[in-house]
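Written out below as structure tokens is the structure these notes cover.
Coordinate-derived values only; no laboratory data. Bear in mind that the values here come from a model prediction, so they are computed numbers and not experimental data. In this analysis, Cβ positions are derived from the backbone assuming ideal geometry, glycine residues included, and neighbour counts consider all displayed protein chains.
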Amino acid sequence: AQSVTQLDSQVPVFEEAPVELRCNYSSSVSVYLFWYVQYPNQGLQLLLKYLSGSTLVESINGFEAEFNKSQTSFHLRKPSVHISDTAEYFCAVWDDKIIFGKGTRLHILP
Amino acid sequence: DTGVSQNPRHKITKRGQNVTFRCDPISEHNRLYWYRQTLGQGPEFLTYFQNEAQLEKSRLLSDRFSAERPKGSFSTLEIQRTEQGDSAMYLCASSLFQAEQFFGPGTRLTVL
């Protein structure tokens with residue numbers, strides 16, 4: 001069965017600083033990977049996904065993630081965070097349903 | 001609004017009572033999924049339907065949990081004889097293409 005591991009439960013970062021949220025997945029022949037975001041008191045929203053093709057995928061609000069097969073990683077990055085990015089971020093993998101990691105809480109410091 | 005809807009949004013019940021939650025998927029979506037999310041954890045898969053067929057239910061947490069999708073449209077999740085450990089957010093998602101799921105806002109259950 002597929003699984004993902006999010007290496008950090010919390011990441012504090014200053015506003016306008018870069019951030020990386022780490023995610024590793026269990027190896028498989030083919031893999032679909034996702035990042036979901038959950039803002040305070042809101043539902044889950046798909047941030048970005050990797051299904052095939054380009055290994056670098058981007059979201060509309062400046063996040064990007066790179067599928068790295070050799071390192072079995074799908075880390076999420078943003079070059080400059082904003083206070084509005086405060087949320088819980090879930091890495092996930094497709095295994096005929098979505099298997100989520102435990103989440104990383106991104107805490108933006110003023 | 002054409003997104004996934006869930007009702008009720010919040011449910012408070014006493015231990016031992018039965019509760020039922022409803023999910024209305026996006027209209028053309030044939031797959032419907034149920035997940036549970038407890039505090040500080042990622043969502044955990046429970047069961048899913050393709051049209052009215054329940055294709056996997058082995059992850060339902062106990063025989064107190066059951067789900068239906070009688071006409072292949074909306075779905076209900078029922079928990080019988082609720083326990084305090086059932087307190088969680090129950091999420092529904094729907095999809096047309098397998099890997100692209102859209103989530104509803106969830107039903108938050110509190111068992112006293």
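Data for the structure
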{"quantity": "Residues in the range B:32-50 reached by a label modelled at B:R9 [backbone nitrogen below 20 Å; 7 Å Cα→Cβ]", "calculated": "B:35-39"}
{"quantity": "Length-normalised contact order for the range A:2-110 - Cα pairs under 8 Å, 6+ apart - percent", "calculated": "39 percent"}
{"quantity": "Sites B:L112 and A:T72 - FRET efficiency at Förster radius 35 Å, r taken between beta-carbons, to 0.05", "calculated": "0.20"}
{"quantity": "Restricting the range B:14-98 to GluC sites (Glu not before Pro) in coil, as DSSP defines it, with at most 13 other Cβ within 10 Å", "calculated": "B:E28, B:E83"}
{"quantity": "Footprinting exposure proxy for A:W94, B:W34 (fewest neighbouring C-beta atoms within 10 Å first)", "calculated": "A:W94, B:W34"}
{"quantity": "In nm, spacing of pseudo-spin labels at A:L46 and B:F74 (7 Å Cα→C-beta vector)", "calculated": "2.5 nm"}
{"quantity": "Relative exposure of A:I98, B:I79, A:I60, judged by other C-beta atoms within 10 Å (fewest first)", "calculated": "A:I60, B:I79, A:I98"}
{"quantity": "Excluding exposed DSSP-loop trypsin sites (Lys or Arg not before Pro) (at most 13 other C-beta within 10 Å), longest clean stretch of chain B", "calculated": "B:16-70"}
{"quantity": "Tail weight of P(r) past 16 Å, computed on alpha-carbon pairs of chain B, percent", "calculated": "55 percent"}
{"quantity": "Reach of B:K71 by Cα under 22 Å, taken over lysines that are not fewer than 8 positions away in the same chain", "calculated": "A:K97, B:K57"}
